[in-house]
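Step one of this worksheet: look at the structure below.
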Amino acid sequence: MTLYVWLGLSSTVAALMLTPLVARAAKEHAGRLKVVKVNVDRVPEVADRYRLQSIPTLSLLVGGEEVDR
């Protein structure tokens, strides 16, 4: 299954603006796409693994490998 990862902080203005868009994408692609949200303050090793330079970052993973950002 394709995984859409939203990496960021839940309290930023950008996160508040993206929330309804990401929720809609999850609903429209249910069963084909799994959407997860990762708070990089709580799980900083994820930010390191994907070498984030800015947040929020939206990343598309297939088979555990990042294929698009």
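The values are calculated or read from the model by the stated rules, or taken from the named source; none is laboratory data. The shown structure was predicted, so the numbers you read here are calculated from the model rather than taken from an experiment. Side chains are part of the model used for accessible areas, which takes the heavy atoms of the whole protein and leaves out ligands, DNA and RNA. Shrake-Rupley method; radii C 1.70, N 1.55, O 1.52, S 1.80 Å.
Taking the chain as a Gaussian network of alpha-carbon nodes connected by springs under 10 Å, the highest mean-square fluctuation of the residues 49, 32, 24 belongs to 49. Taking the accessible area of the chain, probe 1.4 Å, and keeping the other protein chains in place, the carbon and sulfur fraction comes to 55%. Accessible area per residue for the chain is 70 Å², calculated with a 1.4 Å probe on protein heavy atoms, without ligands, DNA or RNA. The alpha-carbon positions of the chain define a convex hull whose volume is 80 Å³ per residue. Entry note, the chain: relative contact order of 49 percent, from Cα contacts under 8 Å with a spacing of 6+ residues.
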